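Participant: One structure coming up, written as structure tokens, with questions to follow.
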Amino acid sequence: MTMNKMFLWRQRIGYGAADFACNLIWQMISLYLLYYYTDVAHLNGLAIASMFVVCRVIDGITDLLIGYAIDKTHTRWGKSRPYFLWGAIPFALFAYLAFSVPESFSASAKLVYCYGTYIGLSFMYTVVNIPMASILPALTDDAQERTNLATVRQFFAFLGASLVSATALYLIHQFGNGNEQVGFRWVMLLFGVIGALVFFFTFFNVRELHVEEEDRSDEKATLKDALCSLAQNTPWKIFACNILFMWGGYFLQTGALVYYYSSVIGSRELSVTVATIMSIVPVISNLCTPFVASRFEKRTVFLGASFVQLIGLIIIWCAGIRAAFILAGAVVSGFGYGMKNSIYFSMQADPVDYGLWKTGVDTAGTLSAVNGFLGKVAQAFAGGLSGILIAWGGYVGQAAVQPANAILAIQAMYLYIPMLCIVISMIIMWFYKLDRIYPQIIKDLKEDHIFE
């Protein structure tokens, strides 16, 4: 299918904009939700850690259901595209509710409220986020265009993350007039409305290549067939193991950012600067990804970018409280992270083609759902471990000086464990060999008229 440049760029921007919307909400979750629960809503860290774990178990079920639902969806808009329309407003609503814990509630009532709103938020995130991965193989079968789409997606993701990192604390203070409870609520209302509008924009500006309006049940795989296909998909299994460590380290570090710079470095303002750097610098490296990926295998790009990110964290570790070195480390780490993240989302679509080639089963929705679930497991582990370490360290919210164990716990959350996760991720991806046989896979699929 030949697409003119205007349509290509319209689709790239439409596709990428969805991750801008996701990041307006999820960057707030990653950076500030644990802080909001412990320091603003005054909930127990261990109770919140338990909630994160329980909610991720529930996510395991809902992710698979949404993935399977996508595989079984047949509308005039396609399989994945309609979920951007259906999920936009509910996702925004639950985002607002998650940061609106009633002050008048008792501790137990607050916890029940948090369970309900966080489960709802996680489910609606699944509804709008899994289609972002499952739709990519349907937008194009060209490997380089997939990298282009993933690059634009990451550009908008970083743009959304940068907006949150650079403005959230300021807006919280301005809207709340010093009252963080009020400030968080209004900021999430603002970001939620913007996010919903952007999802509508995405819906109207992407097109799936092949649309079937009827579900031909005799030709469709069951959930069992899809899971059996995944079990035979060796490249995906390697990629899936990597997800746990790649995202586990990321979420642990971002969740500890405010704690680290406030309590260890002694400069809350520096957390804003570092968060902004870690959002802006990746945009630059992200834009370099198509150029680098056209010259090296995706696996090689992933490993090289991971190594650069690791070097950046080592610089921050060695910097102590010296701000200039911390910022230099953040730049290096951010550059590596940006390229790694961009190539990661391009790689995510390739095991779908491998599975179709090997088993004849299209698992785009189910594979994306399981990947999404594993990402949430990683986030749950990070959130749970954060709560455990904070409690173990004896962290006291709003205290001017923290106990030595609390400082150690925060350092582990922000540096030591994330660095270990990067190393393990690199070891896992060393065994990823799909790039070498991918051209033959596409050739075979086209010869079999599966790809036209």
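Participant: Can you name the residue in region 140-149 that is modelled with pLDDT under 85 and in contact with a Ser or Thr (Cβ under 9 Å, 6 or more places away or on another chain) and is also surrounded by the fewest Cβ atoms within 10 Å (Cβ to Cβ) among such residues?
Facilitator: 144
Participant: Quick one: in region 168-199, which of the residues that are under 22 Å from the mean Cα position of the chain (by Cα) and among the β-branched types (Val, Ile, Thr) is nearest to residue 83 (Cα to Cα)?
Facilitator: 198
Yes/no matrix, rows are residues, columns are (1) of a type in the set (Val, Ile, Thr); (2) surrounded by 22 or more Cβ atoms within 10 Å (Cβ to Cβ); (3) closer than 25 Å to residue 15 by Cα:
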residue: 239; (1), (2), (3): no, yes, yes
residue: 273; (1), (2), (3): yes, no, no
residue: 282; (1), (2), (3): no, yes, yes
residue: 291; (1), (2), (3): no, no, yes
residue: 301; (1), (2), (3): yes, yes, yes
residue: 319; (1), (2), (3): no, no, no
residue: 349; (1), (2), (3): no, yes, yes
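Participant: Right, next: Give me the pairs: first residue in region 232-245 and β-branched (Val, Ile, Thr), second residue at pLDDT 90 or above and not in a helix (DSSP H, G or I), beta-carbon distance under 8 Å, and six or more apart or on different chains, which are they?
Facilitator: Between residues of region 232-245 that are β-branched (Val, Ile, Thr) and residues that are at pLDDT 90 or above and not in a helix (DSSP H, G or I), the close pairs are 238/431; 238/432.
Participant: Check residue 222 against each of (1) surrounded by fewer than 19 Cβ atoms within 10 Å (Cβ to Cβ); (2) modelled with pLDDT of 90 or more; (3) within 25 Å of residue 349 (Cα to Cα) and name the one condition it does not meet.
Facilitator: So residue 222 meets the others, but not (2).
Participant: What tally of residues in region 64-90 results from selecting those that are assigned to a helix (DSSP H, G or I), closer than 10 Å to residue 365 by Cα and of a type outside the set (Gly, Ala, Ser)?
Facilitator: So the answer is 7.
Participant: How many residues does region 36-63 hold that are assigned to a helix (DSSP H, G or I) and farther than 20 Å from residue 120 by Cβ?
Facilitator: 4
Participant: While we're looking at this one, here's another question. Kindly indicate the residue of region 105-135 that is assigned to a helix (DSSP H, G or I) and among the aromatic types (Phe, Trp, Tyr) and also farthest from the chain's Cα centre (by Cα) among those meeting that condition.
Facilitator: Only one residue fits best here, namely 113.
Participant: Could you list all residues from region 129-146 that are out of contact with any Phe, Trp or Tyr (no Cβ under 8 Å at 6 or more places or on another chain) and either among the charged types (D, E, K, R) or more than 17 Å from residue 364 (Cα to Cα) (or both)?
Facilitator: 142, 144, 145, 146, listed by residue number.
Participant: Can I ask one more? Looking at (1) surrounded by 19 or more Cβ atoms within 10 Å (Cβ to Cβ); (2) part of a helix (DSSP H, G or I), can you tell me which one residue 416 breaks?
Facilitator: Here residue 416 clears every test but (1).
Participant: Of 93, 169, which residue is aliphatic (A, V, I, L, M), in a helix (DSSP H, G or I) and modelled with pLDDT of 95 or more?
Facilitator: 93
Participant: Those residues that are more than 14 Å from residue 421 (Cα to Cα) and part of a helix (DSSP H, G or I), I need them from region 313-325; list them, please.
Facilitator: Answer for region 313-325, where residues must be more than 14 Å from residue 421 (Cα to Cα) and part of a helix (DSSP H, G or I): 315, 316, 317, 318, 319, 323, 324, 325.
Participant: Oh, and also: Which residue pairs have Cβ atoms under 6 Å apart, sit 6 or more places apart or on different chains, and have a first residue in region 358-371 that is more than 13 Å from residue 224 (Cβ to Cβ) and a second that is among the hydroxyl-bearing types (Ser, Thr, Tyr)?
Facilitator: Between residues of region 358-371 that are more than 13 Å from residue 224 (Cβ to Cβ) and residues that are among the hydroxyl-bearing types (Ser, Thr, Tyr), the close pairs are 364/134; 365/134; 368/134.
Participant: Restricted to region 59-101, and to residues that are among the charged types (D, E, K, R) and over 17 Å from the mean Cα position of the chain (by Cα), which residue is surrounded by the fewest Cβ atoms within 10 Å (Cβ to Cβ)?
Facilitator: Filtering region 59-101 for residues that are among the charged types (D, E, K, R) and over 17 Å from the mean Cα position of the chain (by Cα), the one surrounded by the fewest Cβ atoms within 10 Å (Cβ to Cβ) comes out as 76.
The values are calculated or read from the model by the stated rules, or taken from the named source; none is laboratory data. All values derive from a computational prediction rather than experimental measurement. Don't worry about glycine lacking a Cβ; one is built from the backbone with ideal geometry, like all the others, and counts go over all protein chains shown.
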